[in-house]
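Some notes on the structure that comes next.
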Amino acid sequence: MPTPNVEAVKMDELNCWRIRHGQAELLVAQQGAHVLSYQLNGQPPLIWLNDEAVFNTGKSVRAGVPVCWPWFGNLARNPQSVQDMRQSTEPATAHGLVRTIDWELAGIEAEGESLNVEFVLPRPEEGLPGWPHKVELKLKIRLDEQLHISLTSLNLGTESVSISQALHSYFAVSDVRNVHVDGLDGLNYIETLDDWKTCTQAGDLRFVGETDRIYLDTPEQLSIVDPAWERRIQLTSRGSRSAVIWNPWIDRAARFGDMADDGWQHMLCIETANVMDDVVTLAPGASHTLGVSVASKPL
């Protein structure tokens, strides 16, 4: 049985843990229960740690796997049931409220050949600013031959709650212009860069410019095929029927203060999500788990 090595580290202002277990190395921040990087010995990273990322208290980190909850993206683009959950006249932040909150580390423990790491959002009975709903939120990470991330929402209140959410995963690639995503052929998607039109995917998805699409009724498994690194990043989702695929490309990346001008070349987001008609409504006492498993497979 491998012996895990857990080291408390500081990334600028953020408290983090560097965890080594078997062939895997994981870096995770307390703020946002945010997986910052993940890689296997002798391989390029699987989860992308942005070289220009800013690790400041109260600022979300553009890297790794941010948790978007209890809404995804622009709140005004969400279904009305999700918008109605918020009770505030202040402008809504993008991607919800939990990315900049310090979560509590509930435990790190071995289970056979696996290592489990669990975070909980503190004080669920108090709700969140402008979002007064009692929902317990847990993020679980399991390390074995893969990386498994799961986000469980449990409604502790007496009324139904509607949420949209995503595990906003940034994957490391050799060059996004030379990789493709398979598993999408024939799926409908919303083209957010063209007036949110609904289109149909033909063949594998390849990248020739800025990409921001919401794929609908997605299968459990998608893959990023990267010939230069001779690998396939295989994603297996749970509790999700939608996926957001995003790359900012040249012009948009140049406007980011926390990404190198060429950073867009080395990352690709495939976000395991519940968005649009795939939102989650939790009756009192009900729970839902959104999850993804990440594996590296040779080509």
Problem - Long-range neighbours under 7 Å by Cβ, at least six apart or interchain, first residue open to solvent by less than 50 Å² (accessible area, probe 1.4 Å) within segment 73-98, second basic (Lys, Arg) - result: Leu75/Arg86; Ala92/Arg86
Handout entry: Pairs where the first residue, in segment 270-297, is under 10 Å from Ser240 (Cα atoms) and modelled with pLDDT of 95 or more and the second is open to solvent by 50 Å² or more (accessible area, probe 1.4 Å) and in a strand (DSSP E or B), C-beta under 8 Å, 6+ apart
Key = Thr289/Arg238; Leu290/Arg238; Gly291/Arg238; Val292/Arg238
Problem - Members of segment 176-206 found to be closer than 15 Å to Ala228 by Cα, open to solvent by less than 20 Å² (accessible area, probe 1.4 Å) and outside any strand (DSSP E or B), listed by number - result: Val176, Val179
Fill in the blank from the handout: Reported set for segment 230-262 where residues are part of a helix (DSSP H, G or I), free of Cβ contacts under 8 Å to residues at least 12 places away in the same chain and open to solvent by 20 Å² or more (accessible area, probe 1.4 Å) is Ala254
Exercise for the section: Kindly provide the set of residues from segment 135-153 that are in contact with a Gly (Cβ under 8 Å, 6 or more places away or on another chain) and aliphatic (A, V, I, L, M), ordered by number. Expected result: Val135, Leu143, Ile149, Leu151
Exercise for the section: Keeping to segment 8-51, report how many residues are under 22 Å from Ile224 (Cβ atoms) and open to solvent by 30 Å² or more (accessible area, probe 1.4 Å). Expected result: 10
Practice task
Can you tell me which residue within segment 130-158, out of those that are outside any strand (DSSP E or B), farther than 23 Å from Leu46 by Cα and not aliphatic (A, V, I, L, M), is most open to solvent (accessible area, probe 1.4 Å)?
Solution key: Thr158
Practice task
Quick one: Asp212 ticks every box in (1) open to solvent by 40 Å² or more (accessible area, probe 1.4 Å); (2) part of a strand (DSSP E or B) except a single one, so which number is it?
Solution key: (1)
Exercise for the section: Filter segment 163-175 for residues that are touching a helix residue (DSSP H, G or I) at 6+ places or on another chain (Cβ under 9 Å) and open to solvent by less than 10 Å² (accessible area, probe 1.4 Å) and give the result. Expected result: Ile163, Ser164, Ala172, Val173
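The values are calculated or read from the model by the stated rules, or taken from the named source; none is laboratory data. The shown structure was predicted, so the numbers you read here are calculated from the model rather than taken from an experiment. Cβ sites come from the backbone with ideal geometry, for glycine too, and all protein chains shown count toward neighbours. Surface areas here come from the heavy atoms of the whole protein model, side chains and all, with no ligands, DNA or RNA. Shrake-Rupley method; radii C 1.70, N 1.55, O 1.52, S 1.80 Å.
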